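Visitor: Before we start, here is the structure in question, set down as structure tokens.
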């Protein structure tokens with residue numbers, strides 16, 4: 001599993017993802033004794049909140065990034081001990097070894113290209129009556145910003161480095177997602193998108209965020225000497241937006257139940 005993420009940087013920069021995820025967690029009804037699969041736990045910021053709501057329960061926290069898991073492990077294991085199990089795995093192929101009561105996920109599913117397989121595996125991970133409550137990028141998520149990056153990628157200075165490059169994300173729409181969930185076996189399916197434009201205070205903050213969170217797959221093919229000018233160009237264009245340094249985020253909410 002290729003690890004493009006840097007846990008310490010994500011922990012420092014991911015306030016938008018944390019805010020969105022906390023709202024998803026707020027709408028998740030828990031009795032306190034459930035076993036929950038945190039599908040794409042990242043550095044564990046939301047995992048900690050989840051465990052606080054499960055004083056008699058436990059969390060299986062899965063992520064494909066060892067760097068993310070290292071950050072999560074350092075801060076969570078001393079607090080929660082045996083109520084937490086950290087697993088490095090690709091969610092596209094992972095099935096929980098024991099059925100869980102809830103699958104919870106935020107800011108993850110759009111990085112998985114085969115949603116049909118993903119949803120089948122999540123369904124297989126749930127006990128009868130188990131629930132899925134999740135959010136990811138969807139619909140027109142980052143459409144404007146990614147179009148701007150694509151134009152730059154196609155320019156003479158950069159084009160040869162992106163030969164054969166493919167988008168590593170899938171921003172599905174609500175109707176397609178609902179069909180996929182039902183095909184996987186879910187009932188009581190609900191999906192929808194919400195606009196979440198996100199502005200940053202200044203050029204440096206915006207630059208750090210897009211470098212570490214939005215553009216890591218874009219920067220990987222570039223020689224080190226070209227990464228800075230690539231970022232410079234996008235930051236300069238975003239400075240002229242109104243409001244400046246704003247990313248056009250959209251979030252896809254999805255839920256379902258196993259009968």
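The values are calculated or read from the model by the stated rules, or taken from the named source; none is laboratory data. Given the structure is predicted, the values throughout are model-derived calculations rather than measurements. Neighbour counts run over all protein chains shown; Cβ positions are idealised from the backbone, glycine included.
Yes/no matrix, rows are residues, columns are (1) under 26 Å from residue 131 (Cα atoms); (2) exposed (fewer than 14 other Cβ atoms within 10 Å of the Cβ); (3) without any contact (Cβ under 8 Å) to a residue 12 or more places away in the chain:
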{"site": "5", "(1), (2), (3)": "no, no, no"}
{"site": "13", "(1), (2), (3)": "no, no, no"}
{"site": "28", "(1), (2), (3)": "yes, no, no"}
{"site": "33", "(1), (2), (3)": "yes, yes, no"}
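Visitor: Still on this structure, please answer the following. Do you know which residues across the range 194-216 are in contact (Cβ under 8 Å) with a residue 40 or more places away in the chain and loosely packed, with under 15 Cβ neighbours inside 10 Å?
Guide: 194, 195, 197, 199, 201, 202, 205 - these are the residues of the range 194-216 that are in contact (Cβ under 8 Å) with a residue 40 or more places away in the chain and loosely packed, with under 15 Cβ neighbours inside 10 Å.
Visitor: If we keep just the residues of the range 128-173 that are outside any loop (DSSP other than H, G, I, E, B) and touching a strand residue (DSSP E or B) at 6+ places or on another chain (Cβ under 6 Å), which is surrounded by the most Cβ atoms within 10 Å (Cβ to Cβ)?
Guide: Result: 135.
Visitor: Residues being touching a strand residue (DSSP E or B) at 6+ places or on another chain (Cβ under 7 Å) and crowded, with 22+ Cβ neighbours inside 10 Å: count how many of those fall in the range 115-127.
Guide: Summing the residues that are touching a strand residue (DSSP E or B) at 6+ places or on another chain (Cβ under 7 Å) and crowded, with 22+ Cβ neighbours inside 10 Å in the range 115-127 gives 3.
Visitor: Then there's this: Would you mind finding the one in 225, 172, 149 that is closer than 30 Å to residue 28 by Cα and at pLDDT 95 or above?
Guide: 172
Visitor: Go through (1) outside any helix (DSSP H, G or I); (2) on the phi < 0 side of the Ramachandran plot; (3) at pLDDT 95 or above for residue 73 and report which single condition fails.
Guide: Result: residue 73 passes all but (1).
Visitor: Restricting the search to the range 208-240, which residues are assigned to a helix (DSSP H, G or I), more than 25 Å from residue 252 (Cα to Cα) and touching a helix residue (DSSP H, G or I) at 6+ places or on another chain (Cβ under 8 Å)?
Guide: Within the range 208-240, 219, 226, 227, 230, 231, 233, 234, 235, 237, 239 meet the criteria.
Visitor: Also, I was wondering about something else. Between 42, 21, which is under 30 Å from residue 246 (Cβ atoms) and part of a loop (DSSP other than H, G, I, E, B)?
Guide: Within the list 42, 21, the selection yields 42.
Visitor: Which of the numbered conditions does residue 61 fail, given that it passes all the others? Conditions: (1) in contact with a helix residue (DSSP H, G or I) (Cβ under 8 Å, 6 or more places away or on another chain); (2) more than 20 Å from residue 26 (Cβ to Cβ).
Guide: Of everything listed in (1) in contact with a helix residue (DSSP H, G or I) (Cβ under 8 Å, 6 or more places away or on another chain); (2) more than 20 Å from residue 26 (Cβ to Cβ), residue 61 misses just condition (2).
Visitor: Can you report the number of residues in the range 135-166 which are closer than 20 Å to residue 214 by Cα and in contact (Cβ under 8 Å) with a residue 24 or more places away in the chain?
Guide: Qualifying residue count, the range 135-166: 19.
Visitor: Another question, if that's okay. Based on this model, can you work out whether residue 46 counts as over 15 Å from the mean Cα position of the chain (by Cα), buried (at least 19 other Cβ atoms within 10 Å of the Cβ) and under 24 Å from residue 250 (Cα atoms)?
Guide: no
Visitor: What number goes with the only condition from (1) over 13 Å from the mean Cα position of the chain (by Cα); (2) assigned to a loop (DSSP other than H, G, I, E, B); (3) modelled with pLDDT of 95 or more that residue 3 does not pass?
Guide: (3)
Per-residue answers, yes or no, for (1) under 20 Å from residue 168 (Cβ atoms); (2) modelled with pLDDT of 95 or more; (3) part of a helix (DSSP H, G or I):
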position	(1), (2), (3)
38	no, yes, no
56	no, yes, no
62	yes, yes, no
68	yes, no, yes
